[in-house]
Amino acid sequence: MRKEFAITTGGREAIVAVGRHPDGGLAIEIDGVARAVDARELRPGTWSLVVDGKSFVVDLDPRRGAVAASVGMAEAVLTVEDAQTKRLKSATHRGPAARGEEVRAPIAGKVVKVLCAVGDEVAAGQPVAVLEAMKMENEIVAERGGTCTDIAKAPGQSVETGERLLTLA
């Protein structure tokens, strides 16, 4: 099973996808670029990594809300979040008072319900759609609100991350 993480360090975020390679090893993508990685845990918190043919010994030290990753004398403090959860949080974030927006799917899934119709007035923070992903229903809210001018996806249709669900003006 493939899992995506949003990893932030030094103000830069990378999306890291981890899954199983058909040969049994790890399949790693960093910001959509596949990397050849072999990972072995030497002892709890210490890993031997071979990344694109280069070898590293990495010590991972959990810190409050983060992880310190040390390689030799270099250290980086990483914030690691589930990428899907992060996208859902940002989709439900209450935005500024400005009106009008394109409501987009924060995750891939299936449209279960559209909670407004063309011509409806939608308030900021009001639920506008329900998406099902991984057997969970996720309520999608309007950030700024507005009048619904277009519905791009109907119940039962599949959507990919970033696809437009509806437009508010």
Inset, instruction - Answer yes or no: is there a residue in region 30-41 that is β-branched (Val, Ile, Thr), touching a Ser or Thr at 6+ places or on another chain (Cβ under 8 Å) and closer than 21 Å to Thr161 by Cα. - result: no
Legend entry - Residue, farthest from Asp82 (Cα to Cα), within region 125-163, restricted to residues that are among the hydroxyl-bearing types (Ser, Thr, Tyr) and under 18 Å from the mean Cα position of the chain (by Cα): Ser158
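Given the criteria assigned to a strand (DSSP E or B), without any contact (Cβ under 8 Å) to a residue 24 or more places away in the chain and of a type in the set (A, V, I, L, M, F, W, C), does Val77 qualify?
Answer is no for this residue.
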Legend entry - Which numbered condition Glu81 misses (of (1) at pLDDT 85 or above; (2) of a type outside the set (Phe, Trp, Tyr); (3) over 26 Å from Asp31 (Cβ atoms)): (3)
Inset, instruction - Looking only at region 121-169, count how many residues are surrounded by fewer than 18 Cβ atoms within 10 Å (Cβ to Cβ), without any contact (Cβ under 8 Å) to a residue 40 or more places away in the chain and small (Gly, Ala, Ser). - result: 3
Inset, instruction - Among residues belonging to region 30-46 that are touching a strand residue (DSSP E or B) at 6+ places or on another chain (Cβ under 7 Å) and basic (Lys, Arg), point out the one that is nearest to Thr8 (Cα to Cα). - result: Arg35
Inset, instruction - Go through (1) modelled with pLDDT of 90 or more; (2) not assigned by TED's automatic domain parsing to the domain that holds Val58 and name the single condition Gly125 misses. - result: (1)
Inset, instruction - Please find, among Ala6, Ala66, Ala17, the residue that is of a type in the set (Gly, Ala, Ser), touching a Leu at 6+ places or on another chain (Cβ under 8 Å) and within 30 Å of Gly109 (Cβ to Cβ). - result: Ala66
Inset, instruction - For region 1-54, name all the residues that are in a loop (DSSP other than H, G, I, E, B), surrounded by 12 or more Cβ atoms within 10 Å (Cβ to Cβ) and under 24 Å from the mean Cα position of the chain (by Cα). - result: His21, Gly25
Inset, instruction - Taking Pro106 as meeting all but one of (1) exposed (fewer than 11 other Cβ atoms within 10 Å of the Cβ); (2) not in a strand (DSSP E or B), write down the number of the exception. - result: (1)
Inset, instruction - Look through Gly125, Gly162, Gly156 and report the one residue that is closer than 17 Å to Gly100 by Cβ and small (Gly, Ala, Ser). - result: Gly125
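The values are calculated or read from the model by the stated rules, or taken from the named source; none is laboratory data. Bear in mind that the values here come from a model prediction, so they are computed numbers and not experimental data. Positions of Cβ are generated from backbone atoms using ideal geometry, with glycine treated the same way; all protein chains shown enter the neighbour counts.
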